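Comments concern the structure below.
Here, each number is a calculation from the coordinates, and none is a lab measurement. Keep in mind that this is a model prediction, so the values were computed, not measured. Note that each Cβ is placed from the backbone with ideal geometry, even for glycine, and that neighbours are counted across all protein chains shown.
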Amino acid sequence: MKKFTLAAAFAALTLSVNAQGLNPFVTTATEETSLATIQAAKDVVLVGVSEQVHAAFEQLGTIKTDLSIDDQTRHLWIWEGTYEGGTPSGMNSVGLPEGWFSFVVTNVGWSGLSITYDSDDITAITDNMDDYILHIAMKSNDNATHVLGIGECKMSIGETAFVDGEKGTYQIVTNFPRDGKWYNIDIPMSVIKNFQVGPVPFANDGPDFAHFKGNFLWFLSGGVAGTTLDFDQVFFYKAGEVDPSGIKSVKAENANAAVYNLAGQKVGADYKGIVVKNGKKVMQ
């Protein structure tokens with residue numbers, strides 16, 4: 001098992017997108033759709049997000065639990081050296097030049113990686129599971145089917161179900177266009193539970209989920225060398241409300257209006273994060 005540090009896992013930089021999604025779980029990852037999700041999200045449980053998105057959730061005050069990879073008690077493990085880091089370029093799924101998780105299959109036969117916790121409290125999700133939604137962004141230029149595992153819930157993302165040898169077949173939960181563009185995938189935990197293959201959604205060493213230990217979120221990508229796995233902005237959230245037309249109206253308002261950070265200080269066009277413009281909070 002090989003460990004990837006967070007710095008290596010968040011490679012460099014994605015493409016903006018403007019095509020339609022394939023089903024109710026998939027939407028095009030434009031700046032507008034991504035901002036709408038971030039603004040509407042409540043009781044957020046962070047798993048792996050970029051620095052600016054982390055800062056946005058902090059400024060909005062909506063973080064319930066921070067389970068971000070820290071390379072100390074929360075790790076990203078490459079199983080048996082089956083992937084190597086990718087070399088992405090462009091903007092990430094929220095249109096920022098920050099980075100994302102990028103991996104390329106190097107092992108012929110099988111591949112796997114996981115975000116694993118030594119001992120963390122995941123009761124925010126397990127106590128209110130049906131209220132939560134998993135958010136993850138993905139992009140690809142190939143048609144490979146990936147297995148997305150959430151604890152003991154195992155589901156395929158692709159055109160065909162993933163056959164895992166004697167372990168069985170993992171049924172399809174969704175797919176996204178394979179055009180090299182970013183797509184947001186938002187799947188309710190009430191749906192994810194239907195793909196449960198163990199006695200409980202999350203295997204655990206102890207009787208309660210305040211001390212969860214093990215693979216929290218994981219992927220399989222098959223055994224074809226060169227298959228890419230690119231994903232971004234992983235978090236769980238409860239749905240709130242946001243008016244996308246309000247976001248459009250902010251963009252249409254006076255472009256020369258003064259912009260302030262959340263401390264009330266006037267900032268310039270190069271400032272990144274949540275700002276107040278024309279009396280409304282927007283991400284710049």
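Remarks
- Listed pairs LYS181/LYS213; LYS154/LYS213; LYS139/LYS213; LYS42/LYS266; LYS64/LYS167; LYS193/LYS238 exceeding 26 Å between Cα atoms: LYS181/LYS213; LYS139/LYS213; LYS42/LYS266; LYS64/LYS167
- Under 5 Å, built H, 5+ apart or other chain: amide partners of PHE216: ILE115, THR116, TYR117
- Coupling constants for the range 24-33 follow from the phi torsions by the Karplus curve (6.51 cos²θ - 1.76 cosθ + 1.60, θ = phi - 60°), and in residue order they are x, 7, 10, 9, 5, 8, 7, 4, 5, 5 Hz; glycine and proline get x.
- Computed packing ranks the peptides 51-61, 92-102, 210-220 as 92-102, 210-220, 51-61, most packed first, by mean other Cβ atoms within 10 Å.
- Binning the alpha carbon pair distances of the range 67-166 at 10 angstrom intervals from zero yields the distribution 11, 37, 39, 12, 0, expressed in whole percent.
- Under the combined filter of DSSP loop state and at most 15 neighbouring Cβ atoms within 10 Å, the range 150-239 retains these GluC sites (Glu not before Pro): GLU159.
- Each label point was placed 7 Å from the Cα along the Cα-to-Cβ direction; for GLU32 and ASN194 their separation is 3.0 nm.
- Annotation: extensible slack from LYS167 through ASP118 equals 15.1 nm (criterion: 0.36 nm per residue apart, minus Cα-Cα distance).
- THR106-ARG178 pseudo-label distance in nm [points 7 Å out on the Cα-to-Cβ vector]: 2.3
- Across the range 159-202, the residues whose backbone nitrogen lies under 12 Å from the label position 7 Å along the beta-carbon direction of MET129 are 189-202.
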